[in-house]
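Bear in mind that the values in this text are calculations on the coordinates, not laboratory data. Note that the structure is a prediction, hence the values are computed from the model and not measured. Here the Cβ positions follow ideal geometry from the backbone for every residue, glycine too, while neighbour counts run over all protein chains shown.
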């Protein structure tokens, strides 16, 4: 299963059509303005880079995790050195208690202009961007619904500010995040730079669909959930 392609620039997730969701590329419409709560996507993206405490924030300590033989979900993979430490491994699992999400994360990339997605019930991490735990905005996508009922991210649009998200990577390292807010944006005004732009600290952005649904066309909007590293 894969999402169909559209124009080049930013990823958004509309509805499932004929058994498969449509994930396309859309032009960057800039900051779409205030979302729920009166804060814009740009403000949420900025807040996700800040610390809850006063004073400068130190970056997460990057260290190798020694995988134990036979430990479920942990793989022995080569350590990737970067300046100042070891690069986090790709994500393996995601846990969002407030949304009832506890599942595997699969890497998703592009092929012939389309984004390939994981099976229903699994999340997809955009491997063209940062990994959870390293500087930048790591993007994880999920289905809002399916032809048979709610999808994996059905409750993500209602996750409250302050809720915790935990991502475990392939070496067993846990990267914790705290939700700072959400925004609902039209797909034709997708804020590319705020979702895929650089960040001075680790940021997590969850993407799913939302807004009014039109048969044959899917959902009009995307829901973006921003979270800061803790």
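Of note:
- Gyration tensor verdict on region 170-230 (Cα atoms; rounded if a/c is under 1.5, prolate if a/b is larger than b/c, oblate otherwise): prolate
- Residue exposure proxy: 207, 161, 156, ordered by other Cβ atoms within 10 angstrom of their Cβ from fewest to most, comes out as 161, 207, 156.
- Relative to the compact-globule estimate of 2.2 N^0.38 Å, the Cα radius of gyration of region 106-230 comes out at 1.04.
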